[in-house]
Amino acid sequence: MNDPARADVRDMLDWLHEQGRRRAEAAPEFDIEETLRIVRAVAQADSTAAREQGKPDAAIDFIRSSRGQVARLILELGPSTAATLGSRLGLTPAKIRRDLNELIAEGMVAIHTTPSYGNRGRGRPAKVFAITDAGRSALVHPYDAATASALRFLAENAGPEAVSEFARRQMADLERRYTGAVSAYESLSDRVRALAEALSADGYTASARPTLPSGQQDSSGEQLCQHHCPVAHVAAEFPQLCEAETEAFARLLGTPVRRLATIAHGDGICTTHVTNSAPTEGEVTPQSAAERDAAHITDESGGPAAP
């Protein structure tokens, strides 16, 4: 197989396992550089196959339909009222009700109630519509199976730290692409907003808002929310993906960050607190993230990187 990156995903995995078996027989020292290249090729091939073949026609039709647009907007905005959704999409009240009722019947959207306050005090609870796990899954491509298999192969043959190294290298590409957009701003809020926009362009449906402690008017930092994660199911098995992303955020923003919640762990939104004060225990700082990244860079001789 001269070019594994162009092969069928199943053949790619067979080839991957065969290469690992041959290496294990030939030498105890596993070639991490070659393995990372192979795993990256598998992940890329899986992504391409998912885009081209992975979704049945019915699923593609759903994404393009009016119902799919409503579900996508709920994913982007979070729990929303019918009036908000109809207004944003230009749908009549009757049409938005029909779409929402169908989405509820399909299990893709659920109804929640929130307190409603008017000029005369507390009123009837407001009805909002929230995306479910089934709805979120219907809006993503099935990247998971082959990518997870490739990472399992990497962990089994080169150890868990090799998965961390792979995740950091994947995030390095994200950092290179985002650095210009984020560093163009001086204020923390603008940098976080720029990062959210860059993430949204890559399909993470992100937003940013200030964090206001209870009873205070001054922000203690910013909150970065990602309403969608294309690799959530893989990250549930390999948390190194989330850890590498958090480290990348700290370096991009130049300030300590703390991951509060992740879709991979069952939360509805990936939430990252970006602090504008001195770091506290548990936060990832730009310095610690950079040191951790540098610790896994080696020179051509295999020794530690030069300072």
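The values are calculated or read from the model by the stated rules, or taken from the named source; none is laboratory data. As the structure is a prediction and not an experimental result, all values here were calculated from the model. Glycine gets a Cβ as well: all are built from the backbone with ideal geometry, and neighbour counts include every protein chain shown.
Of the candidates Ala181, Ala196, Ala138, Ala201, the single residue that is closer than 30 Å to Met108 by Cβ and surrounded by fewer than 17 Cβ atoms within 10 Å (Cβ to Cβ) is Ala201. Residue count for region 88-106 satisfying the condition of being among the β-branched types (Val, Ile, Thr) and under 19 Å from Leu139 (Cβ atoms): 2. Only residues that are polar (S, T, N, Q) and not in a helix (DSSP H, G or I) were counted in region 165-190, giving 1. Checked against the criterion of being crowded, with 18+ Cβ neighbours inside 10 Å and modelled with pLDDT of 90 or more, region 274-286 has at least one qualifying residue. Checked against the criterion of being more than 16 Å from the chain's Cα centre (by Cα) and modelled with pLDDT of 85 or more, the candidates Leu260, Leu253, Leu241 yield just one match: Leu253.
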